[in-house]
Amino acid sequence: MNKRLLDYLLALLIILTLNFMLPRLMPGEPITAIYGDALVEMTPEMKSHLLERYGLDRPLGEQFAVYMGNLFQGDLGYSYYFRAPVAQVISGALPWTLLLAGTSLLFSTFLGIVWGVEAGWRRGRKFDRASLVTAMLLNGVPGFVLGILLLLFLGFYLQWFPLSGGASPYLGQEGIARAADILRHLFLPALTLTLVQLPRNFLLMRSSLLGVKERPYVMTARGKGLRERVVRYRHAVRGALPPVVTRVGMSAGLLFTGVFFVEVVFAYPGLGHLFYLALQHHDYPTVHGCLLLITVCVLLFNFAADLFSIKLDPRLRENARQLLGRT
Amino acid sequence: MLEINDLTVKYQTPRGALPVLEGINLTARKGEVLGIVGESGSGKTSLALAITGLSEGRLEGSVQFQGEELLGKSREEWERLRGSTLSIVMQQAGEMLTPVLPLIEQVMEPFLKKHPRQKDEAFRRASAMLHKVGLEEHSFYRYPYTLSGGEVQRALLAMALIAEPELLILDEPVSSLDALSKADILTLLEELTGECTVLVISHDLSTIARLADRAAVLYCGSVLETGPTASLLQAPRHPYTRALVRSYPSLYGLKELQGIRGEFPSLGERPGGCPFHTRCTQALEICAQQRPGTVEKEGGRNLACHRGGVVELLRGSGLKQRYALKGKGKDPYLEAVRGIDISLDEGEVYALVGESGSGKSTLGRMLAGVDRPYAGTVSFQGQGFFQLSPAETKKAKRDLQMLFQNSGEALSHRMTVHELVAEPLFIQEVGDPQTRREAVRRALRWVYLPDDEHFLNEYPHHLSGGELQRVALARALVLEPKVLIADEPSASLDASVQAKVIKLLLQLQNERGFALILITHDLALAARAGDRVGVMHEGKIVEEGPAADILRRPLHPYTQSLLGAAPSIGGANLAATGMPSPAEPAVAAAEGPNGKPACSFSPDCAHSCEECFRYVPPLVRVGFQKVACYRYA
Ligand SMILES: Nc1ncnc2c1ncn2[C@@H]1O[C@H](COP(=O)(O)OP(=O)(O)OP(=O)(O)O)[C@@H](O)[C@H]1O
Ligand code: SF4
Ligand code: SF4
Ligand SMILES: [Mg+2]
């Protein structure tokens with residue numbers, strides 16, 4: 001377990017270092033690389049203030065120390081486009097992303113598991129074959145295309161859902177009304193994202209179930225007279241789930257790519273959308289901040305999935321304990 | 001009560017529906033333990049799965065438990081039956097328990113299914129049951145992947161028993177275990193099964209012998225023989241049962257291992273007719289064409305064989321032989337054989353033991369039709385040998401071959417190997433020179449001798465003792481006899497060659513399927529090689545019975561003394577050491593003080609009493625043995 005934690009910390013350090021080094025490896029002064037176009041509009045005082053605050057004219061080592069120090073204080077730089085500290089800009093967007101990613105993750109995982117189990121259990125039968133075809137088709141449609149289609153049909157044509165944004169502005173709603181408004185806005189992006197991830201989870205679960213379906217313990221469970229549903233979900237799925245969870249965890253990167261496209265399509269005010277805006281307006285501090293946060297999110301997500309699959313599968317727990325014993 | 005009637009199970013395969021079980025009829029009374037034995041692939045597990053509704057195959061016929069028809073039940077009905085009325089412990093095949101759920105939770109499940117709310121009670125019962133099957137508390141919450149095979153087997157048993165079933169099915173309950181755990185679990189099973197009807201399945205005869213009251217022998221999806229376990233295994237009547245018992249290693253400890261000749265047919269090529277006919281030594285034409293029906297025999301035995309089980313090939317009744325003695329006083333005759341009844345079954349190995357001079361060879365020569373008995377009859381395949389017409393006698397002699405003592409040395413040194421081996425063919429006028437040569441070659445190959453021209457034209461004085469003995473064996477087998485009487489086939493050879501010749505002889509017996517009378521003075525060898533052993537003493541058989549019984553529990557004081565004298569049962573030569581060897585060949589029967597005939601062993605017997613000197617004790621049946629001694633009369 002500790003070994004795993006160390007792995008993750010190491011990964012985090014590498015990411016931070018990269019995030020620090022990349023702009024500074026570009027030709028020209030670091031300040032030009034970091035602030036780009038915004039420099040043109042800056043007064044000399046602002047420029048010297050920046051130079052001093054971020055130590056941009058000092059040797060690389062000192063710059064790194066300052067950079068890390070700032071990070072720990074939550075200082076990610078200043079965004080000239082938004083005219084606010086990057087940290088503040090990002091923390092406004094983060095909850096939306098977490099809400100969207102979380103919802104779609106929850107639904108796509110849960111539905112993917114159930115769908116995969118039900119299809120795999122009936123391997124080769126009609127339901128299974130239909131499911132496979134559906135999943136393949138769905139898998140072939142890119143996320144943003146799917147988003148646009150849903151947007152056009154459910155949002156634009158049927159007008160069941162709002163077209164964009166995370167909540168209706170200027171209404172000043174409170175409590176339930178606001179929550180309902182947020183959910184209405186969440187629906188289409190979350191649906192899109194769920195549909196994007198569903199086929200992968202379905203396929204993962206199905207193949208993992210096929211791997212355990214013929215195991216003797218499933219027969220044992222049936223032999224002792226357990227109901228078919230119990231055999232399926234208590235015995236077969238328990239055995240088949242851990243690898244699925246691990247794989248879902250490993251696909252966190254894909255989840256956030258998905259979030260990015262969907263947020264752009266639906267103008268959903270999360271990190272992806274923010275990133276897109278910042279990129280359009282050459283607001284590099286924000287771009288870097290977003291990248292940093294997303295990679296950290298991916299890492300955290302991987303870590304959580306690891307922990308969860310260890311919890312699900314005592315064999316992994318044993319491994320982890322043994323590793324710990326050895327290190 | 002479990003009643004299986006005409007059960008057929010067919011598996012759907014890409015090559016079509018393949019039957020794995022055909023026309024199974026079995027019953028097990030309440031509280032009875034019914035054993036099913038059979039080789040791997042004979043359909044044992046398929047039967048277990050069919051009875052518990054877990055079979056993937058197509059089922060026909062009927063399976064009734066307590067009058068309720070089980071076939072054709074719906075999934076829900078099966079779910080209700082399993083884990084309450086009937087329980088199954090499946091054959092170990094990898095992960096038997098869900099690896100990620102704690103053991104005790106899985107053991108509780110069957111009880112919780114019946115009583116969903118009583119979690120505490122379930123826990124209490126599960127722990128009690130786990131204790132009973134010998135698992136310690138610290139194992140209760142372990143995950144099954146950390147348990148050993150034996151622990152898993154115990155847990156499975158606990159899981160099956162917690163449901164308090166009325167029908168318990170155990171599929172290979174101990175096969176995956178080491179000897180110690182196996183003994184443990186068998187003891188446990190004996191204790192725990194109690195009231196319920198049990199179907200125990202195993203390829204392991206000792207498990208069946210230990211647990212089952214009655215047993216059924218399954219071969220290629222058919223039941224060939226059923227009966228009370230003890231009599232079935234000790235006195236098998238079906239050729240297959242006998243072969244199975246013979247090929248089983250640990251049941252009789254010291255037995256020389258004999259496989260069953262031929263291969264177990266694969267599922268796709270099940271033989272028609274009697275499923276065993278491709279390997280049976282006594283198959284007739286009808287065996288390949290028609291399935292034998294099951295016939296009830298005495299002693300609760302049932303048999304499916306066109307010939308009513310293993311048939312008797314050779315029988316000698318009241319055989320006596322005497323040789324004239326020259327120049328001796330009042331009794332001019334030596335009575336070498338003094339009244340012997342003996343029989344030999346198809347494909348059987350009968351080992352005849354006795355010290356030299358006890359009359360073994362004389363008996364062998366009479367049985368082979370070489371010498372005419374002074375009294376008594378020999379019948380071969382039901383016909384009196386010495387009453388046959390000359391033509392019939394000639395034909396019978398083809399099927400009855402004798403390998404004489406020292407026959408290797410006795411081979412004519414003026415004939416080539418080819419002439420020697422071909423001679424019986426010549427005498428019997430079999431084939432033309434071409435086919436005879438082929439037959440000679442084949443016979444030489446059987447005994448692992450070269451069959452090239454060079455060797456065929458070799459003369460005996462160029463061959464070693466072992467080679468000569470094998471040439472003699474080839475000569476005896478070239479006519480493919482049904483019976484071979486081998487008189488001390490290895491006695492004149494040195495020890496290592498001896499072992500080889502015996503091994504070869506037994507191997508050939510198994511492959512060619514002839515019946516063998518092996519005459520030897522070595523009781524250890526006799527017990528290892530023979531299915532049955534007859535012990536001869538001064539012209540009479542004093543004890544006879546299954547080799548294992550004779551070895552384990554010799555009844556006659558003479559047999560006991562032979563065994564006691566055996567230096568090592570591993571097969572060393574008995575004659576070399578302290579076997580009581582008669583200084584003189586017996587000239588006259590032992591006589592009591594009053595001049596009446598007495599037990600021939602009485603002069604040497606430690607148990608002799610007055611009675612023993614009064615009569616000659618008759619051969620009486622004790623269990624599966626026969627013994628001639630007053631102590632058992
Ligand atoms: N589901 C199935 N589909 C097709 N063939 C099967 C199936 N199950 C078993 N068989 C075949 O049926 C035959 C009998 O199998 P079964 O498992 O009953 O043998 P067994 O007597 O229990 O053998 P063992 O001693 O090895 O356990 C084998 O040839 C096997 O390959
Ligand atoms: S004699 Fe015929 S029926 Fe009997 S076991 Fe042999 S082959 Fe089968
Ligand atoms: S009958 Fe008497 S003398 Fe003969 S073996 Fe038995 S006990 Fe000994
Ligand atoms: Mg089996």
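The values are calculated or read from the model by the stated rules, or taken from the named source; none is laboratory data. Everything numeric here is computed off the predicted structure, so don't read it as measured data. Positions of Cβ are backbone-derived with ideal geometry, glycine not excepted, and every protein chain shown enters the neighbour counts.
Flag set for B:Glu346, criterion: closer than 30 Å to B:Pro617 by Cα and within 16 Å of ligand 2 (Cβ to nearest atom).
The set of residues in segment B:617-633 being touching a residue at least 40 places away in the same chain (Cβ under 8 Å) and of a type outside the set (D, E, K, R) consists of B:Leu619, B:Val622, B:Gly623, B:Phe624, B:Gln625, B:Val627, B:Ala628, B:Cys629, B:Tyr632. Could you say whether any residue in segment A:240-260 is modelled with pLDDT of 85 or more and over 19 Å from the mean Cα position of the chain (by Cα)? Yes: one or more hits. Taking segment B:88-123, which residues are in contact with a strand residue (DSSP E or B) (Cβ under 7 Å, 6 or more places away or on another chain) and within 7 Å of another protein chain (Cβ to nearest Cβ)? Correct list: B:Ile88, B:Met90. Screening segment B:89-143 for residues that are within 16 Å of ligand 4 (Cβ to nearest atom) and modelled with pLDDT under 85 and picking the one that is farthest from the chain's Cα centre (by Cα) gives B:Gly94. Number of residues in segment A:68-92 that are touching a strand residue (DSSP E or B) at 6+ places or on another chain (Cβ under 6 Å) and touching a residue at least 60 places away in the same chain (Cβ under 8 Å): the value is 3.
Go through segment B:22-50 residue by residue and tally those that are crowded, with 20+ Cβ neighbours inside 10 Å, within 8 Å of ligand 1 (Cβ to nearest atom) and more than 14 Å from chain A (Cβ to nearest Cβ). Going through segment B:22-50 one residue at a time, the tally reaches 5. Given the criteria in a helix (DSSP H, G or I) and crowded, with 20+ Cβ neighbours inside 10 Å, does B:Ala499 qualify? Answer is no for this residue.
Residues that are under 26 Å from A:Val248 (Cα atoms) and either at pLDDT below 80 or part of a loop (DSSP other than H, G, I, E, B) (or both) are absent from segment A:167-180 altogether.
Examine segment B:144-157 for a residue that is assigned to a helix (DSSP H, G or I), within 12 Å of chain A (Cβ to nearest Cβ), over 28 Å from B:Arg29 (Cβ atoms) and under 35 Å from the mean Cα position of the chain (by Cα), and state whether such a residue exists. Yes, there is a match, as at least one residue in segment B:144-157 is assigned to a helix (DSSP H, G or I), within 12 Å of chain A (Cβ to nearest Cβ), over 28 Å from B:Arg29 (Cβ atoms) and under 35 Å from the mean Cα position of the chain (by Cα). Criterion applied to B:Glu60, B:Glu39 was being in contact (Cβ under 8 Å) with a residue 40 or more places away in the chain, charged (D, E, K, R) and under 22 Å from B:Gln153 (Cα atoms), and the one residue passing it is B:Glu39. The single condition from (1) away from ligand 1 (no atom under 16 Å from the Cβ); (2) more than 14 Å from chain A (Cβ to nearest Cβ); (3) of a type outside the set (Phe, Trp, Tyr) that B:Glu164 fails is (2). Taking segment A:204-221 as the range and being away from chain B (no Cβ under 12 Å) and buried (at least 22 other Cβ atoms within 10 Å of the Cβ) as the test, the residues that pass are A:Leu204, A:Met205, A:Arg206, A:Ser208, A:Leu209. If the condition is being part of a loop (DSSP other than H, G, I, E, B), free of Cβ contacts under 8 Å to residues at least 12 places away in the same chain and loosely packed, with under 14 Cβ neighbours inside 10 Å, then segment B:386-412 contributes only B:Ser389. Among the residues of segment B:167-181, the ones that are under 25 Å from the mean Cα position of the chain (by Cα), away from ligand 1 (no atom under 16 Å from the Cβ) and not acidic (Asp, Glu) come to 1 in all. Once segment B:170-188 is narrowed to residues that are charged (D, E, K, R) and in a loop (DSSP other than H, G, I, E, B), the residue that is nearest to ligand 3 (Cβ to nearest atom) is B:Asp178. On the given criteria, is B:Asp341 within 19 Å of B:Lys397 (Cα to Cα) and surrounded by fewer than 18 Cβ atoms within 10 Å (Cβ to Cβ)? No, not satisfied. The set of residues in segment A:222-237 that are within 8 Å of chain B (Cβ to nearest Cβ) and among the small types (Gly, Ala, Ser) comprises A:Gly223, A:Gly225. For segment B:472-522, residues that are over 22 Å from B:Ile260 (Cβ atoms) and modelled with pLDDT under 90 total 16. Consider segment B:201-216 and keep the residues that are within 12 Å of ligand 1 (Cβ to nearest atom) and not polar (S, T, N, Q). The one that is nearest to the other protein chains (Cβ to nearest Cβ) is B:Ile201. Among residues that are closer than 24 Å to B:Glu488 by Cβ, of a type in the set (Ser, Thr, Tyr), more than 16 Å from ligand 4 (Cβ to nearest atom) and more than 14 Å from chain A (Cβ to nearest Cβ), B:Ser343 is included.
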